[in-house]
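A quick write-up on the structure given underneath.
Taken together, the values in this text are just the output of simple stated rules run on the coordinates, not laboratory data. Keep in mind the model is a prediction, meaning the values are calculated, not measured. Note: ideal-geometry Cβ built from the backbone for every residue, glycine included; neighbour counts use all protein chains shown.
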C-alpha cells in the first residue's frame with residue numbers, strides 16, 4: 001500500500017516540477033531545484049496523497065534550509081514512517097554518488113522506532129557531455145533504460161556502468177526489495193516533447209533490519 005501511495009505522489013510531483021520550471025524559468029531549467037526545496041515539495045505532495053487516502057500524515061522532522069547540506073525529512077503516520085532523502089546529482093562524479101550512499105546509511109542508522117519505516121530517495125541530474133553523466137541512468141537503475149533509443153534521438157548516448165546504486169545498497173547496507181525509477185517531468189515548449197536531458201530519479205525501499213558491512 002505504501003509503495004502504491006508513494007508512486008502516486010511521485011507521478012503528481014512530476015507535474016509540480018513542470019509547473020516550477022515554467023514559473024521559475026530559466027533557473028530551475030538550467031540548474032534544477034535545490035535539495036531542500038525538492039525534498040520539501042515532495043513531502044507536501046506525499047502528505048496530500050496520504051490525506052486523500054484517509055491517512056493522517058505529518059512532517060515531524062524537517063531540516064534547516066540554511067544549515068543542512070543533505071536534507072532528510074521524516075513523515076509520520078499512525079502506522080509507519082517515511083524517510084525522504086533529497087540529493088542533487090549536480091555532478092555525476094564518484095564523490096557525489098558516494099555521498100548519497102553515506103546519506104542513506106546515516107538516515108537508516110538514525111531510525112529508532114517500532115513502526116515500519118520506508119525510505120524514499122529523490123535526486124535530479126542534467127546531462128552534460130561527460131561519460132560519468134551518461135552513466136547515471138544505468139548506475140541508478142542497475143541497467144540501461146529500455147528506451148535508450150529515445151535518448152539517442154535527443155543526442156544522448158547512454159553508457160553502461162560497472163557499478164550500480166541498487167547493488168551498492170544491497171552489498172553495503174543489506175537493502176533489498178526496492179524499486180528504482182527514472183522520470184522526465186519536463187516538456188518542451190510548443191510541441192510538448194519530453195526533455196530527456198533532465199532526469200528526476202527516485203528509489204524506494206521498505207526498511208526492516210538495516211545492517212552495514214562498514215559498521
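In nm, what is the difference between 0.36 nm times the number of residues separating residue 60 and residue 93 and their Cα-Cα distance? The partial results should precede the final answer.
Values: separation 33, 0.36 × 33 = 11.88 nm, distance 3.27 nm.
Result for the pair: 8.6 nm of gain on full extension.
Report the gain in length on full extension from residue 191 to residue 79: 0.36 nm times residue separation, minus Cα-Cα distance, nm rounded to one decimal. It would help to have the intermediate numbers written out before the result.
Values: separation 112, 0.36 × 112 = 40.32 nm, distance 4.42 nm.
Difference between extended and current length: 35.9 nm.
Multiply the residue gap between residue 152 and residue 101 by 0.36 nm, knock off their C-alpha separation, and tell me the result in nm, one decimal place. Spell out each step's value before the answer.
Values: separation 51, 0.36 × 51 = 18.36 nm, distance 2.92 nm.
Fully extending the segment from residue 152 to residue 101 adds 15.4 nm.
What nm value, rounded to one decimal, do you get for the distance between residue 3 and residue 160 when each label is placed 7 Å out toward the C-beta?
Distance between the two pseudo-spin positions: 2.7 nm.
Calculate the spin-label point distance for residue 179 paired with residue 128, positioning each point 7 Å from the Cα along the beta-carbon direction, and give it in nanometres.
Result for the modelled spin labels: 3.3 nm.
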